[in-house]
Amino acid sequence: MARSKRSPLLLAGVLATAGVAHFVAPRQFDAIVPRVVPGSPRAWTYASGAVELALAAGLALPRTRRATARAATAFFVGVFPANVQMAVDWRHRPAPLRNAAYARLPLQVPLVLWARSVARDGRSGTSGS
């Protein structure tokens, strides 16, 4: 039971950390915005950072956790093209950088599954609230 209550908060922490990073070091995120996305990469960087912060806040609250976890699942799927863009752009970089870019691709799957799990278990986090 303690694990199921901690898991959403840990996911919220991951999202909050990533969200803050979008504002503190936006250039690295600007670079992976897919070029087919219209508008300014910086606007997308800030928008995705704001979404991550909002998702973190929603996951932290038991009453909104289930719906927010569903939204986080969709968000993790939706930002996957940025990881693909990074892998394509970094394919000619030195091996450590290239490998890091390629490693990001499968890492999105556990995030999606984690958010889905929180959505499924979301009801248990609402008891006593």
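Here, each number is a calculation from the coordinates, and none is a lab measurement. This is a predicted model, so every value here is computed, not measured. As a convention, Cβ positions derive from the backbone with ideal geometry for all residues, glycine included, and neighbour counts pool all protein chains shown.
Sort Thr45, Thr17, Thr64 by Cβ crowding within 10 Å, fewest neighbours at the top.
The most exposed by this proxy come first: Thr17, Thr64, Thr45.
Report, in debye and to the nearest 20, how large the dipole of the range 2-121 comes out about its Cα centre when Lys and Arg carry +1 and Asp and Glu carry -1 on their Cβ.
Charge dipole of the range 2-121: 340 debye, to the nearest 20.
Rounded, prolate or oblate: which one fits the range 58-122, using the alpha carbon gyration tensor with axes a ≥ b ≥ c (rounded when a/c is under 1.5, else prolate when a/b beats b/c, else oblate)?
Prolate.
Quote the FRET efficiency, to the nearest 0.05, computed for Arg27 versus Val88 with a Förster distance R0 of 22 Å and r equal to the Cβ-Cβ distance.
Here the calculated transfer efficiency is 0.75.
Averaging over every viewing direction, what projected area does the convex hull of the Cα atoms of the chain cover, in nm²?
Mean orientational projected area (the chain, Cα hull): 8.1 nm².
Ignoring trypsin sites (Lys or Arg not before Pro) that are buried or in helix or strand per DSSP, and keeping those with at most 11 other beta carbon atoms within 10 Å, what is the longest stretch of the chain between them?
In the chain, the maximal stretch lacking such sites is 36-90.
Ignoring everything except DSSP H segments at least 4 long, calculate the 222 nm mean residue ellipticity for the chain; use -39,500 (n - 2.57) per segment, divide by total residues, nearest 500.
-25500 deg cm²/dmol
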